[in-house]
Amino acid sequence: MRHRVSKIKLGRRGAHRDSMLSNQVCSLIKERRIKTTLSKAKVTRSLAEKMVTLGKKGTLAARRQAISKLKSPDHVKELFEEIAPSFADRSGGYTRITKLGQRMSDASEMAILEWVEAEATV
């Protein structure tokens, strides 16, 4: 039974899944928008919004937590200095998922994951 199981595994083992999600969030921070499958976008959204919440705190402990998750101090710096301050007056819902339809090769649902105020932060 799957009572109270909330982690989506995405067909990967734990370390692979964690590194893939951190890479996705780093790409989202750098590019401001990424194109991926719908299931990956849904899982990446939760991690990205947690990182923005840490960025809004702005403390040294929050910065260290973000670095431990994302493994990239440069992306964490950009998150804390550029992205998180733009969401200072917002209490949640920092990302948007737009469905694109099915991929031609394997018919998996594709989506674009982007920051809600992407045009303001670019």
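The values are calculated or read from the model by the stated rules, or taken from the named source; none is laboratory data. The structure presented is a predicted model; accordingly, all values stated were derived computationally and were not measured. Backbone-built Cβ (ideal geometry, glycine too); neighbour counts: all protein chains shown.
General observations
- Matching residues, the range 26-37, being surrounded by fewer than 16 Cβ atoms within 10 Å (Cβ to Cβ) and part of a helix (DSSP H, G or I): Lys30, Glu31
To keep it simple, each residue is scored yes or no on (1) surrounded by 15 or more Cβ atoms within 10 Å (Cβ to Cβ); (2) closer than 11 Å to Leu113 by Cβ.
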residue: Gly14; (1), (2): no, no
residue: Ser19; (1), (2): no, no
residue: Gln24; (1), (2): yes, yes
residue: Val52; (1), (2): yes, no
residue: Lys56; (1), (2): yes, no
residue: Gln65; (1), (2): yes, no
residue: Lys69; (1), (2): yes, no
residue: Val76; (1), (2): yes, no
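- Note on the range 82-101: among residues that are under 16 Å from Val25 (Cα atoms) and of a type outside the set (D, E, K, R), the one that is surrounded by the fewest Cβ atoms within 10 Å (Cβ to Cβ) is Gly93.
Okay, residues lined up against (1) in contact with a strand residue (DSSP E or B) (Cβ under 7 Å, 6 or more places away or on another chain); (2) buried (at least 17 other Cβ atoms within 10 Å of the Cβ):
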site: Pro73; (1), (2): no, no
site: Phe80; (1), (2): no, yes
site: Arg103; (1), (2): yes, no
site: Ser108; (1), (2): yes, no
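- Close pairs (8 angstrom Cβ cut-off, 6 or more residues apart or separate chains): closer than 18 Å to Pro73 by Cβ in the range 13-24, of a type in the set (S, T, N, Q) and modelled with pLDDT of 95 or more anywhere: Leu21/Thr44; Ser22/Ser72; Gln24/Thr36; Gln24/Thr44
- Flag if Glu49 is in a helix (DSSP H, G or I) and among the acidic types (Asp, Glu): yes
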